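A.B. asks: Please read through the structure below; I'll follow up with questions.
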Amino acid sequence: VVRAAVMAGLTMIALIFRKPGDSLSFLGIAFWLLLVWNPYQLFEAGFQLSFLLTAGLIVWTEPVSGLLTWLPSPLRYPVAGNLIAEWLSFPLVIYHFHEYSFLSLPANLLFAPIVSFVVLPVSLLLLGMSWIWETGGMGAAGVMETGIRMMQGGMEWLSTWKAFCPAFPSPPKWWILLYYLFSAMALWSWLRRGKTVFLAASVAALGLLLWAEPGKEDVLARLAFLDVGQGDATVIETASGQTVLVDGGGHVRYDNHEAWRRRKHPFRVGEDVIVPYLKTQGIRKIDWLILTHGDQDHINGLLDVIRRFPVQKVVRNARLPANEEERQLMAELYRQKVPVYVAAAGRTWEIEKGTGLTFLHPDPVRTGGKGEATNEDSVVCLFSVHGIHVLFPGDIGTETEKRLLRRWRWPAVDILKV
């Protein structure tokens, strides 16, 4: 907003003095003024995107639109502008936010003209109308607001299409520099009709684009114990790229606080910790979701997770959901048609060669039915990868631990999650 206001002010000053406006010079002045005020803005995503995209639109919209002769004249400028914005924003968006929506181009082409040519002019008209007839202006503004909410609902609906919004790990800075270098060469040669350079640069840029996911390290598995406060959330990534999520953290909610003590935007473990971590790792689906039990500090973050990432299968105990949070979670899994399994004690599921999950507790026959779930009903599983064993005992207590030690022949456990 400050960048736009500075440029608009400089443009009006040029008009007052009847001087030709220079958008790039005005952009440069705004750039230095903002950095003098706060140099650390240089590292902010909004600052980088605002100035880079504005410069790209100023320099390239006109020449690119001139090459889109196969489009009707009214569409050439919007299509050119959106193509330039998508090209320039892609590496910065995946670097800062670890995901990219490939529906943004059609969404911009659909909604941006509505905002520019309908919402803004009509809003100014209604503002003027309110000085003359306030009641009529308010009524018409209500109709406009309904239309805006419908448009917003349409954009939110598009954002639920998970397949079109994949996660990306943060690319290294040298990759970003090469992306801009080769793609700029391709654009320059396209504008100059240089076919050889265009072909070579395009191939290089396409190769970088397809390699937007740097390869994983050569490891047997990666375990991340996420800091979710009270409760558990563990992410396991196997060598072949499968993902196991054990529990989803969450805070126990207390609703007896006075209104002034309740946050307007409360901290959400799923949205603020688990989902960002999964995106930074480039994870796009959860192959195994293990719910040890239904306590709030183990499942409250999962609703945000399953709404963002497709889940292949769920393993839980045999008890019916005993609280509202667990009922909401299971209802969402049912709506998404995710298969839910109750593992028999002693069963081993092979995830991939040399890697498996063995479920040791509880016995589905003994723990099924209604009633308040307890810590002793926790799913206990042993994750094994090429002879290394990690034990997840949930929240079982001492007596249950002793019983399991007597029942099973245990391997040497390398890591115990307490």
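The values are calculated or read from the model by the stated rules, or taken from the named source; none is laboratory data. For clarity, every value in this text was computed on a predicted model and none was experimentally measured. Every residue, glycine among them, receives a Cβ derived from its backbone with ideal geometry; neighbour counts consider all protein chains shown. To get the accessible areas, we keep the full protein, side chains included, count just its heavy atoms, and leave off ligands, DNA and RNA. Shrake-Rupley method; radii C 1.70, N 1.55, O 1.52, S 1.80 Å.
A.B. asks: Collect the residues in region 14-41 that are open to solvent by 90 Å² or more (accessible area, probe 1.4 Å) and not in a loop (DSSP other than H, G, I, E, B), keeping them in residue-number order. Break it down stepwise before answering.
C.D. replies: At the first step, the residues of region 14-41 found to be open to solvent by 90 Å² or more (accessible area, probe 1.4 Å) are 15-20, 32-33, 36-37, 40.
The answer is Leu15, Ile16, Trp32, Leu33, Val36, Trp37, Tyr40.
A.B. asks: Going through region 284-325 one residue at a time, which ones are closer than 27 Å to Ala167 by Cα, open to solvent by less than 40 Å² (accessible area, probe 1.4 Å) and either among the polar types (S, T, N, Q) or part of a helix (DSSP H, G or I) (or both)?
C.D. replies: Thr292, Asp297, His298, Ile299, Asn300, Leu302, Leu303, Asp304, Val305, Ile306
A.B. asks: Of all residues in region 231-246, how many are touching a residue at least 60 places away in the same chain (Cβ under 8 Å) and touching a helix residue (DSSP H, G or I) at 6+ places or on another chain (Cβ under 8 Å)?
C.D. replies: Taking region 231-246 first, the residues touching a residue at least 60 places away in the same chain (Cβ under 8 Å) are 231-234, 236, 238-240, 242, 244-246.
Next, only the ones that are touching a helix residue (DSSP H, G or I) at 6+ places or on another chain (Cβ under 8 Å) stay: 231-233, 245.
Counting residues in region 231-246 that are touching a residue at least 60 places away in the same chain (Cβ under 8 Å) and touching a helix residue (DSSP H, G or I) at 6+ places or on another chain (Cβ under 8 Å) gives 4.
A.B. asks: May I ask you to list the residues in region 326-344 that are open to solvent by 30 Å² or more (accessible area, probe 1.4 Å) and either in contact (Cβ under 8 Å) with a residue 60 or more places away in the chain or under 16 Å from Leu404 (Cβ atoms) (or both)?
C.D. replies: So the first thing to find is which residues in region 326-344 are open to solvent by 30 Å² or more (accessible area, probe 1.4 Å), and the list is 327-328, 330-331, 334-337, 339-342, 344.
Correct list: Ala344 only.
A.B. asks: So which helices (runs of 4 or more DSSP H) are wholly in region 105-193 and hold at least 2 residues that are within 27 Å of the chain's Cα centre (by Cα) and under 30 Å from Pro276 (Cα atoms)? Before you say what the answer is, go through the steps one by one.
C.D. replies: Working: elements: 120-132, 134-159, 173-191.
Those helices (runs of 4 or more DSSP H) span 134-159, 173-191.
A.B. asks: Take Leu333 and decide whether it is touching a strand residue (DSSP E or B) at 6+ places or on another chain (Cβ under 9 Å) and part of a strand (DSSP E or B). Can you show your working first?
C.D. replies: Numbers: touching a strand residue (DSSP E or B) at 6+ places or on another chain (Cβ under 9 Å): yes; part of a strand (DSSP E or B): no.
In short, no.
A.B. asks: So, one more: Under 8 Å by Cβ, and 6 or more places apart or on different chains, what pairs join a residue from region 5-21 that is among the hydroxyl-bearing types (Ser, Thr, Tyr) with one that is part of a helix (DSSP H, G or I) and open to solvent by less than 50 Å² (accessible area, probe 1.4 Å)?
C.D. replies: Matching pairs, first to second residue: Thr11/Phe26.
Residues are listed down the side, and each one gets a yes or a no for (1) out of contact with any Leu (no Cβ under 8 Å at 6 or more places or on another chain); (2) at pLDDT 70 or above; (3) among the hydroxyl-bearing types (Ser, Thr, Tyr):
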{"position": "Ser189", "(1), (2), (3)": "yes, yes, yes"}
{"position": "Ser202", "(1), (2), (3)": "yes, yes, yes"}
{"position": "Leu209", "(1), (2), (3)": "yes, no, no"}
{"position": "Glu213", "(1), (2), (3)": "yes, no, no"}
{"position": "Lys216", "(1), (2), (3)": "yes, no, no"}
{"position": "Leu226", "(1), (2), (3)": "yes, yes, no"}
{"position": "Gly229", "(1), (2), (3)": "yes, yes, no"}
{"position": "Gly241", "(1), (2), (3)": "yes, yes, no"}
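A.B. asks: Right, another one. Can you tell which of Ala4, Ala45 is in contact with a Leu (Cβ under 9 Å, 6 or more places away or on another chain) and among the small types (Gly, Ala, Ser)? Show your work before the answer.
C.D. replies: Values: Ala4 fails: in contact with a Leu (Cβ under 9 Å, 6 or more places away or on another chain).
Only one candidate qualifies: Ala45.
A.B. asks: Can you name the residue in region 48-91 that is assigned to a helix (DSSP H, G or I) and of a type in the set (Ser, Thr, Tyr) and is also nearest to the chain's Cα centre (by Cα) among such residues? Show your work before the answer.
C.D. replies: Filtering region 48-91 down to residues assigned to a helix (DSSP H, G or I) leaves 48-67, 73-91.
Still in the list and also of a type in the set (Ser, Thr, Tyr): 50, 54, 61, 65, 73, 77, 89.
On the way: Ser50: 20, Thr54: 25, Thr61: 29, Ser65: 32, Ser73: 36, Tyr77: 30, Ser89: 16 Å.
Only one residue fits best here, namely Ser89.
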